[in-house]
Amino acid sequence: MINIPKGTKDVLPEQSYKWQYLEDAARSVAAAFGLKEIRTPVFEHTELFLRGVGETTDVVTKEMYTFEDKGGRSITLKPEGTAGVARSFIENGLANSPMPLKSYYLTPCYRYERPQAGRLREFHQFGIEVYGSAQPETDAEVIFAASSFLNKLGIKGARLEINSIGCKSCRAEYNRALKEYFRPHLDGMCANCRDRFDKNPLRIIDCKEEACRKITAGAPKILDYLCPDCRAHFESVKGYLSALGVEYTVNPDIVRGLDYYTRTVFEFVSTAIGAQGTVCGGGRYDGLIAELGGGNVPAVGFAAGLERLLLLMDNTGVEFPAPPVPRVYVAGMDEPTRKKAFGIVNGLRVKGISAECDHMARSVKAQFKYADKIGAEYVAVIGGNELESGSCTLKRMRDGQTFDMPFADIYEFLKNNI
RNA sequence: GCGGGCGUAGCUCAAUCGGUAGAGCGCCAGAUUGUGGCUCUGGAGGUAGCAAGUUCGAAACUUGUCGCCCGCCCCA
């Protein structure tokens, strides 16, 4: 027996309607916000993620699915969606399209991690990317789009937390301040953070180790080190959010684990799905396009984890719309009547009505049971009498009411009886 | 990469002290000749994750291994 690879999940026929619901919601929100879909490959050159996501990040150093292809190229399955979109933006000269360029994606992503609640090795993201605008209202719009998406899904238990981690220049100053603060405490901190001290002191803020958290509590806050421009930008973003009635809390400890973020960062978090509470995360990444060899193009975006959203919805009792059912089941009895039922059903299908008939050589009674199980709205039986008269009775399963009509009228009847 | 928990039917789970495997749900068929849900009857379905070991005897005890789940880390 060969089983599914660790950290992956099958979406079975009985569950797939939930995924379709999520995806439909994503597409409809995207459409309303003027975002167009962009599809990029599932794998890219490894180099793209090294430069885009950041060589010191955990994602890059220990979580990527990297392999050499038969041509000797180093290839990596995308661990996130942004780098590929940025690459495509540059490669296709999209900087020459009318700005801002507003795009979204639905894609699987791959990270080699130990699976747990809300964390898989293959997972799916809905993300949006807006290129070209450095305006604070764009940040607010992106956050509002995320919020609208969650609302559309009926998700209530996700709290919005925002922060600003500044631009290159204020971050440099902040890093200096952090080092100054942490240096005398280094001995009491975890090995990980001692390592971060040199490579990326900002990341220490994010540490969950008890000892480190105590020390971090007194550390300087990035918000106190923002340059005037970044400060004004952050204030403006908050102002636009308030204008839209979006509730948020400023959490100065949000750092984000991907190196490309600048200025605004945000997360929608929930406590209802276990330890992996971030259901949607994003922010601004003004330096990414330049980092990847493109021009100086600012950008904002977010990514939402579809598995986590599904978990959250299931755990908080959010109702999914019922999956579609066959409008009608047509039963036959013997060779000629089964053939007639088969013809009627397929004729309806061609006209866009979902219809079903027997495939198991079952008795009429068993066909009824089956029709009931699959939720058919109406059932018709074609026997000798019906074949002769050219008409039949549709039985409405919900209440048992019956409707007589010629075969030829079934389509009209179903079309009008929603 | 590190910790903890758990592996018995498709699913959820039982089985006293070690005595040779069960229930509910689901699936299939039937309960007078052409009609669902409720009920009743019957049926199919198990290499007890796998492999060693202890024992007259292992689903149960021991070890190893694989898998899953949860947490750390990280992140969506």
Of residues in segment A:142-162 being open to solvent by 30 Å² or more (accessible area, probe 1.4 Å) and not small (Gly, Ala, Ser), the one modelled with the lowest pLDDT | A:Lys156
How many residues are within 11 Å of RNA strand B (Cβ to nearest atom) and open to solvent by 20 Å² or more (accessible area, probe 1.4 Å) when one looks only at segment A:326-344?
-> 2
Consider A:Val379 against the criteria (1) open to solvent by 40 Å² or more (accessible area, probe 1.4 Å); (2) of a type in the set (A, V, I, L, M, F, W, C); (3) in contact (Cβ under 8 Å) with a residue 40 or more places away in the chain; (4) closer than 18 Å to A:Asp334 by Cα: it satisfies all of them except one. Which criterion is unmet?
-> (1)
Is there any pair linking a residue in segment A:221-237 that is farther than 10 Å from A:Gly166 by Cα to one that is assigned to a loop (DSSP other than H, G, I, E, B) and at pLDDT below 90, with Cβ under 7 Å and at least six apart or on different chains, and which?
-> A:Lys221/A:Pro252
Kindly list the number of the only condition in (1) over 22 Å from the mean Cα position of the chain (by Cα); (2) open to solvent by 40 Å² or more (accessible area, probe 1.4 Å); (3) at pLDDT below 95 that fails for A:Gly71.
-> (3)
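Would you pick out the residues in segment A:390-408 that are out of contact with any strand residue (DSSP E or B) (no Cβ under 8 Å at 6 or more places or on another chain) and part of a helix (DSSP H, G or I)?
Scanning segment A:390-408 gives a single hit, A:Ala408.
I'd like to verify a number: residues in segment A:282-332 that are part of a strand (DSSP E or B) and within 30 Å of A:Arg398 (Cα to Cα), how many?
Count: 4.
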Number of the condition not met by A:Phe89 [criteria: (1) part of a helix (DSSP H, G or I); (2) under 17 Å from the mean Cα position of the chain (by Cα)] | (2)
Would you call A:Glu247 open to solvent by 30 Å² or more (accessible area, probe 1.4 Å), within 15 Å of RNA strand B (Cβ to nearest atom) and within 30 Å of A:Glu307 (Cβ to Cβ)?
-> no
Is segment A:305-319 home to any residue that is within 30 Å of A:Lys369 (Cβ to Cβ) and either more than 11 Å from RNA strand B (Cβ to nearest atom) or among the aromatic types (Phe, Trp, Tyr) (or both)?
-> yes
From the set of residues in segment A:74-107 that are among the small types (Gly, Ala, Ser) and open to solvent by less than 50 Å² (accessible area, probe 1.4 Å), which is nearest to A:Arg119 (Cα to Cα)?
-> A:Gly81
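For segment A:370-386, name all the residues that are in a strand (DSSP E or B) and near RNA strand B (Cβ under 7 Å from one of its atoms).
From segment A:370-386, those in a strand (DSSP E or B) are A:378-381; that's our starting set.
Those that are in a strand (DSSP E or B) and near RNA strand B (Cβ under 7 Å from one of its atoms): A:Val379, A:Val381.
One residue is enough: does segment A:92-108 have a residue meeting the conditions within 16 Å of RNA strand B (Cβ to nearest atom) and under 17 Å from A:Tyr261 (Cβ atoms)? Let's see the steps before the verdict.
As a first pass, look at segment A:92-108 and keep what is within 16 Å of RNA strand B (Cβ to nearest atom): A:104-108.
If we keep only those that are under 17 Å from A:Tyr261 (Cβ atoms) as well, we get none.
Checked segment A:92-108: no residue is within 16 Å of RNA strand B (Cβ to nearest atom) and under 17 Å from A:Tyr261 (Cβ atoms).
What residue, among those in segment A:391-401 that are more than 8 Å from RNA strand B (Cβ to nearest atom) and modelled with pLDDT of 95 or more, is surrounded by the fewest Cβ atoms within 10 Å (Cβ to Cβ)?
Kept after step one, since they are more than 8 Å from RNA strand B (Cβ to nearest atom), are these residues of segment A:391-401: A:391, A:394, A:401.
When the remaining residues are screened for being modelled with pLDDT of 95 or more, the result is A:391, A:394.
Values: A:Ser391: 17, A:Leu394: 24.
Among those that are more than 8 Å from RNA strand B (Cβ to nearest atom) and modelled with pLDDT of 95 or more, it is A:Ser391.
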In segment A:354-373, residue farthest from A:Asn416 (Cα to Cα) [restricted to those that are open to solvent by 50 Å² or more (accessible area, probe 1.4 Å), within 38 Å of the chain's Cα centre (by Cα) and touching a residue at least 12 places away in the same chain (Cβ under 8 Å)] = A:Tyr370
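So that you can scan it fast, the table gives a plain yes or no per residue for (1) of a type in the set (A, V, I, L, M, F, W, C); (2) within 16 Å of RNA strand B (Cβ to nearest atom):
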site	(1), (2)
A:Arg27	no, no
A:Ala32	yes, no
A:Val42	yes, yes
A:His45	no, no
A:Glu55	no, yes
A:Lys62	no, yes
A:Glu68	no, no
A:Ile75	yes, no
A:Thr82	no, yes
Only residues that are among the β-branched types (Val, Ile, Thr) and either in contact (Cβ under 8 Å) with a residue 60 or more places away in the chain or open to solvent by less than 70 Å² (accessible area, probe 1.4 Å) (or both): list them for segment A:12-62, please.
-> A:Val29, A:Ile38, A:Thr40, A:Val42, A:Thr46, A:Val53, A:Thr56, A:Thr57, A:Val59, A:Val60
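Taking segment A:124-168, which residues are aromatic (Phe, Trp, Tyr) and within 16 Å of RNA strand B (Cβ to nearest atom)? Outline the logic, then answer.
Taking segment A:124-168 and keeping what is aromatic (Phe, Trp, Tyr), we get A:126, A:131, A:144, A:149.
Residues satisfying the conditions are A:Phe126, A:Phe149.
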For A:His124, the lone unmet condition from (1) assigned to a strand (DSSP E or B); (2) more than 18 Å from the chain's Cα centre (by Cα) is (2)
Within segment A:192-219, the residues that are open to solvent by 70 Å² or more (accessible area, probe 1.4 Å) and under 24 Å from A:Glu55 (Cα atoms) are A:Asn192, A:Arg194, A:Asp195, A:Asp198, A:Lys199, A:Lys208, A:Glu209
Among the residues of segment A:183-238, which ones are within 16 Å of RNA strand B (Cβ to nearest atom) and assigned to a loop (DSSP other than H, G, I, E, B)?
-> A:Met189, A:Cys190, A:Asn200, A:Cys207, A:Lys208, A:Glu209, A:Ala219
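The values are calculated or read from the model by the stated rules, or taken from the named source; none is laboratory data. Here the structure is a predicted model, which is why all the values come from computation and not from measurement. Backbone-built Cβ (ideal geometry, glycine too); neighbour counts: all protein chains shown. To get the accessible areas, we keep the full protein, side chains included, count just its heavy atoms, and leave off ligands, DNA and RNA. Shrake-Rupley method; radii C 1.70, N 1.55, O 1.52, S 1.80 Å.
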